[in-house]
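**Q** For reference, the structure I am asking about is given below.
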Amino acid sequence: MRLKAITCEVFARAVYLNAAFAPHVVDVELVDKGLHDVAATLRETLQARIDATPASAFDAIALVYGLCNRSLDGLRAREIPLVVPRAHDCITLYLGSRARYQAEFTGTPGTFYYSDEYLERGGTGGRVKGRIVALGSTTPINDTYEELVAKYGEDNAQYLLEVLGSWQRHYQRAAYIDMPLGKSDDFEGRARRDAEERGWRFDLLRGDLNLIRRLVHGEWDDADFQVVQPGQCLVATYDERIVAAEPGPRP
């Protein structure tokens, strides 16, 4: 089998590692992490990548993504099957299973998650001008107070900072997911310092490559993966399946 793995760049290390040991040929294509900020833009980009993949060169396309704010909802398989993990977001892929994801969110819902692979792709060393960047979060305004004043005036700048800072009241824990991969910086230390500054509990969680390995290696059981056959459409289900395949018109 020849597989194309279209992956968010935050999984680059994990996908390349598992592609090297795969029992078949895997071509890896990275997609910019910043596209998560607008679901429609990410969906359009992924569909374009899918459509540009020649059926003569690949047997399947693996999307290394979670549903990610419904960004995958509506994607169509053209001439090649698509394979998608049953995951709400990237945290499931870092933790290795839906069961573990659910246990963490049920046990401590107010958690800010950190990961080396996510933060090293942020381009700001893990912080955005005084405000932390968490796994799966977006930061639509990254300016300092002085820059906000220059752009919007003092009253508007103060209001924006109050609104953007209100999220901190909903969190009680900083959880650093330690993946069994290389380290480019001391992001664990930064997560610990963020927790101390904000009065949050800090937890160290061991990452697990299980879902990514099975996705890249072609071990696609129905419990953890959805295969979308040519002509079908990927849809969000709002139940324990997370995603499903439905009939759709051929292009």
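The values are calculated or read from the model by the stated rules, or taken from the named source; none is laboratory data. What you are looking at is a predicted structure, and each value in this text was computed from that prediction instead of being measured. Using ideal geometry, Cβ is built from the backbone for each residue, glycine included, and neighbour counts are taken over all protein chains shown.
**Q** Among the residues of region 1-44, how many are part of a helix (DSSP H, G or I), at pLDDT 95 or above and either over 18 Å from the mean Cα position of the chain (by Cα) or among the polar types (S, T, N, Q) (or both)?
**A** 3
Yes or no, residue by residue, for (1) at pLDDT 90 or above; (2) crowded, with 18+ Cβ neighbours inside 10 Å; (3) assigned by TED's automatic domain parsing to the domain that holds Ala19; (4) out of contact with any helix residue (DSSP H, G or I) (no Cβ under 9 Å at 6 or more places or on another chain):
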{"residue": "Asp73", "(1), (2), (3), (4)": "yes, no, yes, no"}
{"residue": "Ser115", "(1), (2), (3), (4)": "yes, yes, no, no"}
{"residue": "Glu120", "(1), (2), (3), (4)": "no, yes, no, no"}
{"residue": "Ala134", "(1), (2), (3), (4)": "no, yes, no, no"}
{"residue": "Ala157", "(1), (2), (3), (4)": "no, yes, no, no"}
{"residue": "His170", "(1), (2), (3), (4)": "no, no, no, yes"}
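**Q** Taking region 78-113, which residues are assigned to a loop (DSSP other than H, G, I, E, B), surrounded by fewer than 24 Cβ atoms within 10 Å (Cβ to Cβ) and in contact (Cβ under 8 Å) with a residue 12 or more places away in the chain?
**A** Of everything in region 78-113, those that are assigned to a loop (DSSP other than H, G, I, E, B), surrounded by fewer than 24 Cβ atoms within 10 Å (Cβ to Cβ) and in contact (Cβ under 8 Å) with a residue 12 or more places away in the chain turn out to be Arg78, Glu79, Ile80, Pro81, Arg86, His88, Asp89, Gly96, Ser97, Thr108, Gly110.
**Q** Residues that are within 18 Å of the chain's Cα centre (by Cα) and more than 23 Å from Phe112 (Cα to Cα), at least 1 per element: which strands (runs of 3 or more DSSP E) completely within region 180-251 meet that?
**A** On the way: elements: 201-206, 225-228, 232-236, 243-247.
Filter on region 180-251 gives 225-228, 232-236, 243-247.
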